[in-house]
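Engineer: One structure follows; several queries about it will come next.
The values are calculated or read from the model by the stated rules, or taken from the named source; none is laboratory data. Note that the structure is predicted; figures quoted are calculated from it, not measured. When we count neighbours, we look across all protein chains shown, and the Cβ atoms used for this are built from the backbone with ideal geometry, even at glycine.
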Amino acid sequence: MIAAIVVTLVHLAFALAITPVLIGVMRTVRARLEGRVGGGVLQPWRDVIKLFAKEPLRAPGSSAVLIWAPLLLMASSLVLCALIPLVSTLSLPGAPGELFVVVSVLLLGTVALAMLGLESGTAFGGMGSSRHMMFTALVEPTVLLSIYALSLPAGTSTLTAIVRARRDDLSTLLNPVSILAIVALIVVVVAETGRLPVDNPSTHLELTMVHEAMILESGGRDLGWLEFGSWLRLTALLGLTVNLAVPWAIASDASATALVIGAAATALKLVVAAALMAAVEVFIAKLRLFRVPELLAGSFVLAFLSVSASYLVF
Amino acid sequence: MNQHLFAQLIATITGVLLLTAILQIWGRSLVRSIGLLSVQGAALAALVLTVGLNAGEPQVWLVTGIVLLMKSVVLPAAMLRSAKLIGETRERPTTINPAVELIGAAGLTLIAYIVGVPLAGPDPDPARQALPVGFSLVLLGFWLLMIRRSAITQLVGFLVLDNGIATVSFLASGGLPLTVELGSSLDVLLVVLILGVLVVRMQRQQGHTDITELKELHD
Amino acid sequence: MAALLWLPLTVPLLLAAVGFAFRASYWTLLLPVISAVVLLLTGVSLIGTVVSSAPVVAIEGWLRVDALSAWMLAVVGAVAVVALWGGAPLRSKASTSIGSFAALLNLFLAAMSLALVADNVGLMWVAIELTTVTTAFLVASGDGEHALEAAWKYVVLGAVGVAIAFLGVALLSAAAMGHSEAGVSWTALMAQAATLDPTMVQLAGALAVLGFATKAGLAPMHSWLPDAHSQAPAPVSGLMSGVLLSVAFSVILRIQAITDAVVGPELMRTLLLTAGLLSLAVAAGLMLTQTDYKRLLAYSSIEHMGLLALGAAVGGELAIAAVLLHILGHGLIKSTMFVIAGRISAATGSHRIEDVHGLLRARPDLGAPFLLGTAGLLGFPPFVTFFTEVAIIVAGFTRGLGWQMAVACALLLVVFAGVTRQVLAMTLGAGTRAPGRLVWWRRVPVWLGLLSAMALSFALWPLSPVLIAAVTALGGAQ
């Protein structure tokens, strides 16, 4: 019990510490590849600290949603980080680490964000929210299906158990089921965290914004929570994907060495994955909005195939 | 070869084969599609090597070399050349909804699994167990032939089909004799070259290579 | 005797090289005719050998001629003589690279011979694919404006169909795995039929038949056929319709023999009955309203392939022997008809039926054989097609396929109505004597083809031991 609590705290601390760095790495890689110097790896940290120090401005007549939504997003992201086996596969006894619970927590944050976009009362906010919900509707089934496919060999839908099973039996890592599911998951992570080619995180062009449109009216501390919450989602989802894809060196107990090795390994994997993602982003353009469902349908098909393959063949 | 490693290699290679085929249906870029074809060819060569080494065949390196050269280098290069000659890099827009194309692909893969599983027999070895992947490649190649309009993608579809057949043949029986492999590679190369010439002529005659526009001959 | 087996492969190849070397000369058109004569003579002498003694084998069993292959070789030779001699382009129409055309024709003949004499299933497959490859440019070289479209459809569908057949071949070899060393041969498969894995053979047989049926022009995989056969130059259409379809069909017969031996005749019977009746129906429907006489002939080929499929589905000595004889009769008549059709289109400059009138008056040298050949295609006595069609139908009735045969007869009546209407419109009626009469040696092959198709009817007795030996080579055909 104590060990599990320690692990959960480690997860939270790890996520909080690495998330801004991860974003910083992505921005720096992108900047370097584009021939710019960039703000440095620690710039997101400074941004967030600056935002937290500022008083939020809220439109007159707006409801409490503007106050609660950022906090809800942040809280849901933290729960996500606690539930997902980032560093160790030890989980809190009694805490539901089920695939379905994780997906609902993910959805909670999404809904909070969409409510916020609607509440701001401007045209852009509503537009962003509706687009975001459309993507979510297409993304959630894929997340469920692809992780479900991976859960079949493990015989359980608890994420920690799936990762543990994959780490212990390396032969399941590269069969068709696994390859298809991981590719589907990557697409989903890209869509869910608003990266290219689904959404451009650095745009403020009204016709193409999705994520940015929703948080356009927020400022100060609210914006800080929103940004940090969204980044944490990226860490959680990316962490889940890399740990499913390459589940090496993840700790299975709460001993200090194991945790340090696990944290270092996951950090390395996350940084490499983030750098890769950023490098790929340099070479692709944002998809037209109407072609996004096509992309997501493709990932759904991959996930579907991986489930069927796991039942019929391997 | 260690049986566990063998099973693992077969699973990985067939996974790559299936993934490339799905990506070909997913994408719209001809150049990328041809690139995926090259990856598929390399995976096929790896499959040949794995199956051959496992069975301890003497000519395995030769066959692997032929397959790698033909399917991963020569054929994609020939197609890339045709595509460059007619100056087409992207698929022409279709009337079919892309989601329908993908769902169709999923359905066909399911059918391939349903057909392939009984073939493997009650206690299959890893190679036979992966047979459905070969069948799905065949069906996905067919699907590409049906849903795409550009003559070059038709060629891609044909080659995916051919790769699928080669996959089935290597998984089911460890391949045919060397002479036959050589002959069939040569045949496929000739077919691709001939179709390449016809595509270029078509471009010159009609200014496009949309095969749905080929409907002068009918009853 | 093994040397004899090599002739049909080496002579066309050599002559192809010669033709290519002298590609500017008109006389190179003689080369494919020489190959055809060689094929015919070798076929006939091989028939003599294999009927009286054992099959001829070469290179460790990769090549093997039994009665069926010998018969088919002779058929290819006979039909090719008519098509290539009669269809040779006029000197004024010949292009500057006429020799390449001749060389491709030679290669085409070599590929067909290889498909017939290969005992290894894989090698046979390679040869069948080579027939597509060698004919692709022959079809594309047609003078019609849509030859390119026809060639594209032909190569794509042909290649895909044959690829599916390769899937069947691969599965067959998987079924035979552990039984034979040097690949899979027809002989080995027949010999070990009892030990083959039935599930595998079932799927393999179905796929192989599906694939080769595309090449044989059976419905519903026939859609390339009318296009390719109508756009190709006359000798090519004649060869493709007359023998290429039948060569593919003879492969189907061999697959049927193996599948029947392993899983019983029901599967193949169902497949072939469906394909046969469907082909007849498609042909009958589209011949009624046909406006292009070369397409009319192409659909007639689909009809006859449908009949062959029905015959194979019926099975048994009588039906299969009739099928083999029908292949020859149809080949001779059909290639003659394409030769005449080529001349009609050269004379009138049109493929449309409505543009051709009163052929009997205007060009009796074309009209008379055209009318006569039509009668042969429709199965009128004394053409051999009459006897073979009757034999197939009768065999079907005696083997309990009553309603299918009744449907087939009804469809044949529709074909009769359609063809008669169209051909009478072309040949009868007023017409003014048109100039231009062919020299005697160009008229000989036409009459040779038609008269020998009639003469066959009176040569049934000497032919029967050959046909029976061929049926036996197919394992007696249940």
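Engineer: Kindly indicate whether any position in segment B:159-178 is on the phi > 0 side of the Ramachandran plot, buried (at least 24 other Cβ atoms within 10 Å of the Cβ), touching a residue at least 60 places away in the same chain (Cβ under 8 Å) and within 10 Å of chain C (Cβ to nearest Cβ).
Structural biologist: yes
Engineer: Is it the case that segment A:253-264 has a residue that's over 27 Å from residue A:176 (Cα atoms), in a helix (DSSP H, G or I) and within 14 Å of chain B (Cβ to nearest Cβ)?
Structural biologist: Looking through segment A:253-264, none of the residues is over 27 Å from residue A:176 (Cα atoms), in a helix (DSSP H, G or I) and within 14 Å of chain B (Cβ to nearest Cβ).
Engineer: Do you know which residues across segment B:66-97 are surrounded by fewer than 20 Cβ atoms within 10 Å (Cβ to Cβ) and either within 14 Å of chain A (Cβ to nearest Cβ) or part of a loop (DSSP other than H, G, I, E, B) (or both)?
Structural biologist: B:87, B:89, B:90, B:91, B:92, B:93, B:94, B:95, B:96, B:97
Engineer: Now a separate question. Using the structure shown, decide if residue B:37 is more than 10 Å from chain A (Cβ to nearest Cβ), surrounded by 18 or more Cβ atoms within 10 Å (Cβ to Cβ) and more than 17 Å from residue B:144 (Cβ to Cβ).
Structural biologist: Considered against the rule, which asks whether it is more than 10 Å from chain A (Cβ to nearest Cβ), surrounded by 18 or more Cβ atoms within 10 Å (Cβ to Cβ) and more than 17 Å from residue B:144 (Cβ to Cβ), residue B:37 comes out as no.
Engineer: Working only within segment C:39-82, note down all residues that are more than 14 Å from every other protein chain (Cβ to nearest Cβ) and aromatic (Phe, Trp, Tyr).
Structural biologist: Within segment C:39-82, C:71 is the sole residue that qualifies.
Engineer: I'd like to know if segment A:204-211 contains one or more residues that are touching a residue at least 24 places away in the same chain (Cβ under 8 Å) and among the hydroxyl-bearing types (Ser, Thr, Tyr).
Structural biologist: Checking segment A:204-211: at least one residue is touching a residue at least 24 places away in the same chain (Cβ under 8 Å) and among the hydroxyl-bearing types (Ser, Thr, Tyr).
Engineer: Residue C:146 is checked against (1) touching a Phe, Trp or Tyr at 6+ places or on another chain (Cβ under 9 Å); (2) within 14 Å of chain B (Cβ to nearest Cβ); (3) over 20 Å from residue B:191 (Cβ atoms) and fails just one. What number does that condition carry?
Structural biologist: (1)
Engineer: Okay, moving on. Taking the criterion of being without any contact (Cβ under 8 Å) to a residue 40 or more places away in the chain, assigned to a loop (DSSP other than H, G, I, E, B), among the hydroxyl-bearing types (Ser, Thr, Tyr) and more than 28 Å from residue A:89 (Cα to Cα), would at least one residue in segment A:213-232 satisfy it?
Structural biologist: no
Engineer: Please count how many residues of segment C:196-252 are surrounded by 24 or more Cβ atoms within 10 Å (Cβ to Cβ), among the aliphatic types (A, V, I, L, M) and within 14 Å of chain B (Cβ to nearest Cβ).
Structural biologist: Qualifying residue count, segment C:196-252: 6.
Engineer: Same structure, new question: Only one of C:85, C:152 is modelled with pLDDT under 95 and within 11 Å of another protein chain (Cβ to nearest Cβ). Can you tell me which?
Structural biologist: Checking each option against the conditions leaves just C:152.
Engineer: I've got another one for you. Among the residues of segment B:17-25, are any away from every other protein chain (no Cβ under 14 Å), surrounded by fewer than 23 Cβ atoms within 10 Å (Cβ to Cβ), part of a helix (DSSP H, G or I) and not aromatic (Phe, Trp, Tyr)?
Structural biologist: Within segment B:17-25, not a single residue is away from every other protein chain (no Cβ under 14 Å), surrounded by fewer than 23 Cβ atoms within 10 Å (Cβ to Cβ), part of a helix (DSSP H, G or I) and not aromatic (Phe, Trp, Tyr).
Engineer: Can you spot a residue in segment C:389-411 that is within 26 Å of the chain's Cα centre (by Cα) and in a loop (DSSP other than H, G, I, E, B)?
Structural biologist: Within segment C:389-411 (the criterion being within 26 Å of the chain's Cα centre (by Cα) and in a loop (DSSP other than H, G, I, E, B)), the answer is yes, since at least one residue qualifies.
Engineer: Let me ask another. From B:69, B:144, which residue is under 30 Å from residue B:201 (Cα atoms) and free of Cβ contacts under 8 Å to residues at least 12 places away in the same chain?
Structural biologist: Going through B:69, B:144 in turn, just one is under 30 Å from residue B:201 (Cα atoms) and free of Cβ contacts under 8 Å to residues at least 12 places away in the same chain: B:69.
Engineer: Hey, could you check segment A:242-255 for residues that are surrounded by fewer than 21 Cβ atoms within 10 Å (Cβ to Cβ) and of a type in the set (S, T, N, Q) and say which is modelled with the lowest pLDDT?
Structural biologist: A:252
Engineer: Now for a separate question. Please work out which residue is modelled with the highest pLDDT, limiting yourself to segment C:399-442 and to residues that are basic (Lys, Arg) and surrounded by 16 or more Cβ atoms within 10 Å (Cβ to Cβ).
Structural biologist: Looking at the filtered set, the residue picked out is C:399.
Engineer: Can you find, within segment C:165-179, the residue that is modelled with the lowest pLDDT among those that are more than 8 Å from chain B (Cβ to nearest Cβ) and surrounded by fewer than 24 Cβ atoms within 10 Å (Cβ to Cβ)?
Structural biologist: Restricting to residues being more than 8 Å from chain B (Cβ to nearest Cβ) and surrounded by fewer than 24 Cβ atoms within 10 Å (Cβ to Cβ), the top hit is C:179.
Engineer: Of all the residues that make up segment A:97-126, how many are of a type in the set (Gly, Ala, Ser), assigned to a helix (DSSP H, G or I) and closer than 20 Å to residue A:203 by Cα?
Structural biologist: Final tally of qualifying residues: 5.
Engineer: Looking only at segment C:284-312, which residues are closer than 23 Å to residue C:235 by Cβ and either without any contact (Cβ under 8 Å) to a residue 24 or more places away in the chain or more than 15 Å from the chain's Cα centre (by Cα) (or both)?
Structural biologist: Selection gives C:290, C:292, C:293, C:294, C:295, C:296.
Engineer: Pairs, please: C-beta under 6 Å, at least 6 apart or cross-chain, first residue within 11 Å of chain A (Cβ to nearest Cβ) and in segment B:114-125, second surrounded by 13 or more Cβ atoms within 10 Å (Cβ to Cβ) and part of a helix (DSSP H, G or I)?
Structural biologist: If the second residue must be surrounded by 13 or more Cβ atoms within 10 Å (Cβ to Cβ) and part of a helix (DSSP H, G or I), the pairs left are B:115/B:135; B:116/B:131; B:116/B:132; B:116/B:135; B:117/A:312; B:120/B:128; B:120/B:129; B:120/B:131.
Engineer: Please determine, by comparing only the residues of segment B:128-158 that are at the interface with chain C (Cβ under 10 Å from one of its Cβ atoms) and surrounded by 24 or more Cβ atoms within 10 Å (Cβ to Cβ), which one is farthest from residue B:192 (Cα to Cα).
Structural biologist: It comes out as B:131.
Engineer: Which of the numbered conditions does residue A:71 fail, given that it passes all the others? Conditions: (1) modelled with pLDDT of 90 or more; (2) under 20 Å from residue A:247 (Cα atoms); (3) surrounded by fewer than 22 Cβ atoms within 10 Å (Cβ to Cβ).
Structural biologist: It is condition (2) that residue A:71 fails.
Yes/no matrix, rows are residues, columns are (1) within 21 Å of residue C:417 (Cβ to Cβ); (2) among the polar types (S, T, N, Q); (3) in contact with a strand residue (DSSP E or B) (Cβ under 8 Å, 6 or more places away or on another chain):
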residue: C:301; (1), (2), (3): yes, yes, no
residue: C:310; (1), (2), (3): yes, no, no
residue: C:356; (1), (2), (3): yes, no, no
residue: C:374; (1), (2), (3): yes, yes, no
residue: C:398; (1), (2), (3): no, yes, no
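Engineer: Of the conditions (1) over 16 Å from the mean Cα position of the chain (by Cα); (2) in a helix (DSSP H, G or I); (3) more than 19 Å from residue C:35 (Cα to Cα), residue C:101 fails just one. Which one is it?
Structural biologist: (3)
Engineer: Yes or no: residue C:157 touching a residue at least 24 places away in the same chain (Cβ under 8 Å), within 11 Å of chain B (Cβ to nearest Cβ), aliphatic (A, V, I, L, M) and under 30 Å from residue B:150 (Cα atoms)?
Structural biologist: Yes; evaluated as a whole, the condition is true for this residue.
Engineer: Let me confirm something: among A:171, A:202, which residue is surrounded by fewer than 23 Cβ atoms within 10 Å (Cβ to Cβ), polar (S, T, N, Q) and not in a helix (DSSP H, G or I)?
Structural biologist: Every option except A:202 fails the conditions.
Engineer: It is to be established whether one or more residues within segment B:45-54 are touching a residue at least 40 places away in the same chain (Cβ under 8 Å) and not in a helix (DSSP H, G or I).
Structural biologist: No; the residues of segment B:45-54 include none that is touching a residue at least 40 places away in the same chain (Cβ under 8 Å) and not in a helix (DSSP H, G or I).
Engineer: Testing residue A:46 on (1) farther than 24 Å from residue A:251 by Cα; (2) touching a residue at least 60 places away in the same chain (Cβ under 8 Å), one condition comes back false. Which one is that?
Structural biologist: (2)
Engineer: Could you list all residues from segment A:271-314 that are among the acidic types (Asp, Glu) and more than 7 Å from chain B (Cβ to nearest Cβ)?
Structural biologist: Listed by number, the list holds a single entry, A:281.
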